[in-house]
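Here is the structure we will look at.
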There are 2 protein chains.
Amino acid sequence: MIVFLNGKLVPEPEATVPVFDRSFLYGDGVFESLRVSQGQPFRWAQHLRRLEDGAAGLHIDPPFPADELRNAVDRLVDANALPEAVLRITLSRGVGARGYSPRGATNPTVVMSLHPLPEAAGRSDLRWALATSRFRLPPDDPLSRWKTANKLLQVLARAEAEQAGADEALLLNARGELCETSSGNLFWVEGNRILTPPVQAGLLPGITRAVVLELAPAVGLLPAEESGTARRLAQSDGAFVTLSSLGVVEVGAVDGQRLRSSPHTAGLRMAYQERLAQECATGSP
Amino acid sequence: MIVFLNGKLVPEPEATVPVFDRSFLYGDGVFESLRVSQGQPFRWAQHLRRLEDGAAGLHIDPPFPADELRNAVDRLVDANALPEAVLRITLSRGVGARGYSPRGATNPTVVMSLHPLPEAAGRSDLRWALATSRFRLPPDDPLSRWKTANKLLQVLARAEAEQAGADEALLLNARGELCETSSGNLFWVEGNRILTPPVQAGLLPGITRAVVLELAPAVGLLPAEESGTARRLAQSDGAFVTLSSLGVVEVGAVDGQRLRSSPHTAGLRMAYQERLAQECATGSP
């Protein structure tokens, strides 16, 4: 695999960072994961905006202008001959002095890497079993809206769910409200409404979530942000998770309790796949 | 500087980790920072126990037995000729598959590095101005008792405090209770009592905090864990912060309001320095 590291394409064994890089020491950085299809990054502008918002929030100056990064994606896709992939972009604060103070850390690290699609990508019968995590997200977390490199709670929640035989963790916030899954956003269906928790619940507003909210009216659905509980989810007409690597994934069960299956989930899954194919064919914005 | 990396001593330019190391990607690891004096790591056993507790909590198997790590500290001190230093030990989950699931990441990364003492170390007139952070710690956080590599909140709180002209950030929890500072524990004095918030407030119980709690009776003080508010701190007879790199540091002011100065702070500072010198002279446990 060829990796983009601080402006250069390098073979994977040379893609290393100092042990004093602050993202290694403290998770002091932000990242994005996005779908590349037909060689084009899907919703590049939205992902880049979120990365830049996070960088601004962390007071990290991105060392490459947006068009240079965009250009590097093309080089990366070519070098790896991987037009269908997941792209990860990492922006770390880089090396600084020991300790939490970011003073003097003025050379950020930028990494971009391509990864094969998960095996499950494109499977229309994909259905996830969720397990409710004992880890709770803090509501109104000022850090939650950025995709930071502090993901240990998500790592442990995911591991715990897999240990319990589930596919993914369902995360509630400290108030017991539905939030998201470890790596995606949660939606549930009530009649012709599709509902998803608001950002203030403490979740990361995903780009796939935004695309689904945008596509819903075209397939006759009314989207809204509403708070919910495990009970509301259990009584819904169906539920799904949105994430950039897989798009729309139906939730089959939560904590061993089967959920209804809504035809709207399949409708949105297809609408999403079509939009992905269409935008990437013409060069996604 | 010579660094310990996965069993070898290497010069700093060679001390690198893959960009796919999970502590770089997700902060998926734990660490310790401890004082080395007269070439001996202070309270090695306690720091190692916390590191091992964290590793167990994260389901990471430390790849080196304790005695091998301890031995490596001696080699590191010799190689760097730095008998007075701060030692950092990092245990990362290492490289795995893309995504939060830790499945398949079975080769942890271990780094140990020595750092010169902060300039302020040993200054008896050191007094910190604290600024209360707008970032709040989640109370009863199951992750707070381990020193994980997810420290972005602490980084941003510290940066914000420095921006405001203060030395360090005072962190409250979401309930508005006193917790800790970005990199140390908080104590305040009331008569002959020294008080510090309980772990359940959402704080990391520091080893220096434990040493101070242990030393207090010998200097005629009664230690206790109690919840407090900003008001209680403001009305106290004095306050101080404990951290491994500097020991006991008096708090001069909070948000621009001067605090009283308690003679007990200087007493504990000296008792701590003596204990450090004494244990490291004989080989700290």
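Read the figures in this text as sums done on the coordinates, not as results from a lab. The structure displayed is predicted, hence computed values, not measured ones. Reconstructed Cβ throughout: ideal geometry from the backbone, glycine too, with neighbour counts over all protein chains shown.
The mean sequence distance of close C-alpha pairs (under 8 Å, at least 6 residues apart), as a share of the length of the range B:2-116, puts its relative contact order at 36 percent.
Candidates A:Ala72, A:Ala55, A:Pro116 compared by Cα position along the dipole of the range A:2-116: farthest toward the positive end lies A:Ala55, with charges placed on Cβ. Just check the range B:54-132 against the gyration tensor rule for me: Cα atoms, a ≥ b ≥ c as the square roots of the eigenvalues, rounded for a/c under 1.5, and otherwise prolate or oblate depending on whether a/b exceeds b/c. Oblate is the answer for the range B:54-132, as a/c is 1.5 or above yet b/c matches or exceeds a/b. Rounded if a/c is under 1.5, else prolate if a/b beats b/c, else oblate: with a ≥ b ≥ c from the C-alpha gyration tensor eigenvalues square-rooted, which is the range A:42-181? Oblate, since a/c reaches 1.5 and b/c is not below a/b.
So what is the relative contact order of chain B, in percent, for Cα pairs below 8 Å that sit 6 or more residues apart? Walk me through the numbers on the way to the answer.
Working: 587 pairs, mean separation 54.8, N = 285.
Taking the mean separation of contacting Cα pairs over the length of chain B, I get 19 percent.
Please report the orientation-averaged projected area of chain A, defined via the convex hull of its C-alpha atoms, in nm². Walk me through the numbers before you get to the answer.
Working: hull surface 58.3 nm².
For the Cα atoms of chain A, the hull's average projected area reads 14.6 nm².
For A:Leu25, neighbours were defined as the other residues whose beta-carbon sits under 14 Å from its Cβ, and their charges (Lys and Arg +1, Asp and Glu -1) total +3.
Each copy carries B:Asn192; placing its label point 7 Å along the C-beta direction from Cα gives inter-copy distances of 7.8 nm, listed from smallest up. Result for chain A in a Gaussian network model with C-alpha springs under 10 Å: among A:Pro198, A:Pro118, A:Pro139, the largest mean-square fluctuation is at A:Pro118.
Label-point distances for A:Gly122 to the equivalent site in the other copies, using a point 7 angstrom along Cα→C-beta, read 6.6 nm when ranked shortest first. Only Lys, Arg, Asp and Glu carry charge here, each on its Cβ (+1 for the first two, -1 for the last two); on that basis the protein assembly as shown has a dipole of about 580 debye about its Cα centre. Our summary gives the range A:195-284 a relative contact order of 27 percent, counting only alpha carbon pairs under 8 angstrom and 6 or more residues apart.
Normalised radius of gyration (Cα atoms, divided by 2.2 N^0.38 Å) for the range A:2-116: 1.05. Cα axis of helix A:263-282 to longest principal axis of chain A: angle in degrees, 0 to 90, nearest 10? With rounding to tens, the tilt is 30 degrees.
Please label the shape of the range A:143-204 as rounded, prolate or oblate, based on the square roots a ≥ b ≥ c of the eigenvalues of the alpha-carbon gyration tensor (a/c under 1.5 means rounded; beyond that, a/b larger than b/c means prolate, else oblate).
Oblate shape, in that a/c is at least 1.5 and b/c is the bigger or equal ratio.
Relative to the longest principal axis of the C-alpha atoms of chain B, give the angle of the C-alpha long axis of helix B:44-58, reported between 0 and 90° and rounded to the nearest 10°. So the helix axis and the longest Cα principal axis differ by about 70 degrees. Each of B:Val199, B:Ser262, B:Thr181 was scored by the projection of its Cα onto the charge dipole of the range B:127-281, and the greatest displacement toward the positive side belongs to B:Thr181; charges sit on the C-beta of Lys, Arg, Asp and Glu. Listed by Cβ neighbour count within 10 Å, with the fewest neighbours leading, A:Ile89, A:Ile2, A:Ile194 appear as A:Ile2, A:Ile89, A:Ile194. A simple charge model with +1 on the Cβ of Lys and Arg, -1 on the Cβ of Asp and Glu and nothing else charged puts the dipole of the range B:200-264 at about 160 debye relative to its Cα centre. Sorted shortest first, the distances from the A:Ala266 label point to those of the same residue in the other copies are 8.0 nm; each point sits 7 Å from Cα along Cα-to-Cβ. With +1 on the Cβ of every Lys and Arg and -1 on the Cβ of every Asp and Glu, and nothing else charged, how large is the dipole of the range A:169-285 about its Cα centre, in debye rounded to the nearest 20? Rounded to the nearest 20 debye, it is 200 debye. For chain A, modelled as a GNM whose springs connect Cα atoms under 10 angstrom apart, the maximal fluctuation among A:Thr16, A:Thr90, A:Thr109 occurs at A:Thr16. What does the charge count near A:Ser92 come to, summing +1 for each Lys or Arg and -1 for each Asp or Glu among other residues with Cβ under 10 Å from its Cβ? Residues close to A:Ser92 contribute a combined charge of 0. Each other residue within a Cβ distance under 13 Å of B:Gln273 adds +1 if Lys or Arg and -1 if Asp or Glu, for a net charge of +1. Build a GNM of chain B with springs between Cα atoms under 10 Å apart, and of B:Arg175, B:Arg43, B:Arg231 the one that fluctuates most is B:Arg231. Relative to the longest principal axis of the Cα atoms of chain B, helix B:66-80 runs at roughly 80 degrees.
Can you pull the percent of Cα pairs in the protein assembly as shown with separation above 39 Å? Result: 30 percent of Cα pairs exceed 39 Å. Measuring from each Cβ of chain A to the axis that turns chain A onto chain B, the shortest distance belongs to A:Gly27, 1 (residue, then whole Å).
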